[in-house]
Amino acid sequence: MIQPHRGVGASTPPEPIIFCDFDGTITRADVTDEILIRLADPAWREIERLWTAGTIGSRECLERQLALVKTSAQELNALIDSIPIDPAFARFVRFVQRSRIPFVVVSDGLDCVIRRILAHAGLHSRGRNGIHFYSSSGRLIKGRLAVSFPHAAANCAHGCATCKPQIIRALREDRWPVIYIGDGLSDRHAVAEADFVYARQPLLDFCRSKGIPARPFNNFADIECALARWLGGRVTDEMLEAERSRALAAFAASE
Ligand SMILES: [Mg+2]
Ligand SMILES: [Zn+2]
């Protein structure tokens, strides 16, 4: 389950890289769901059921669901602006920048949504898909959303809209640990690539059922605290090993 890694037993200090889901993790609501609830024909719910059951991948799901949306730029922007984000998120981003920890947002959601919300949080005022974050792409043309998937992988077996595991493998290089932050179904393929996971439900239960070390978190301040302690120069290989053992023990106790 837990693979031995160069980070444990080696004398090199940890060089983490963080991958982070967007909807329900950085935001407090799933923006795509909100768009569908408020602006789409109700037939989207049947398509959602197929995705939840694993019958179709997130790419086919989003393609079919977002085709049911009819809206205006004004209406769509007002909806996006009404979505609350984690109050500690902007501070967390300043922390990772200060600490020189690469921080990568990976999302099945739409780039126009992510760009607008990150800009409002004071981040990446002109964020670009494939540089500042990785996501599906959406453009409003005559009241309809034209959707494309620049980060779907040809060799992805799950039908991901954005293939999160593929992006992690491409960007992690030699870094350790790979930390993943997420909450939902769209993260289940990504967590297998991570060394540690910070999770909200239902992802937390999923990780525990698979033996993937995962910690719950309420908001980004919790994660900042844990990382700051961890990177504060008091990190030893023994502590890293203890961290893993605790995560494993917590998993065993949850069964
Ligand atoms: Mg999510
Ligand atoms: Zn995939």
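Just so you know, all these numbers are worked out from the coordinates, no wet-lab data involved. The model shown is predicted, which means the values in this text are computed figures rather than measured ones. Note that each Cβ is placed from the backbone with ideal geometry, even for glycine, and that neighbours are counted across all protein chains shown.
log10 I(q)/I(0), Debye, Cα-only segment 69-180, no solvent, q = 0.18, 0.23 Å⁻¹? Calculated log10 I(q)/I(0) at the listed q: -1.03, -1.38.
Here the Karplus curve 6.51 cos²θ - 1.76 cosθ + 1.60, taken at θ = phi - 60°, turns the phi angles of segment 210-220 into couplings of 9, x, 8, x, 9, 10, x, 9, 8, 8, 5 Hz, with x standing for Gly and Pro. Ranking PHE206, HIS151, VAL191 by how far each Cα lies toward the positive end of the dipole of segment 17-254 (charges on Cβ) leaves HIS151 at the top. Volume per residue for segment 4-103 equals 145 cubic angstrom (convex hull of Cα atoms). A cysteine counts as unpartnered when no other cysteine's C-beta lies under 4.7 Å of its own; in the chain this applies to CYS20, CYS61, CYS112, CYS207, CYS225. The H on the amide N of ALA152, modeled in the peptide plane, is under 5 Å from the matching H of CYS163, each at least 5 residues off or on a different chain.
What 222 nm value per residue comes from the helices of the chain, counting each DSSP H run with n ≥ 4 as -39,500 (n - 2.57) and dividing by all residues, nearest 500 deg cm²/dmol? Could the numbers behind the result be given before it?
Numbers: 10 runs with 102 residues, N = 255.
Calculated from helices alone, the mean residue ellipticity at 222 nm is -12000 deg cm²/dmol.
Against the main long axis of the alpha-carbon atoms of the chain, helix 111-120 sits at an angle near 70°. For the chain, the longest principal axis of the alpha carbon atoms and the long axis of helix 237-254 meet at an angle near 60°. Diagonalising the gyration tensor over the Cα atoms of the chain and scaling each eigenvalue by 5 before taking the square root yields semi-axes of 32, 20, 16 Å, largest first. In this structure the amide hydrogen of LEU145, modeled in the peptide plane, comes within under 5 Å of the amide hydrogens of VAL69, none closer than 5 places in sequence on its chain.
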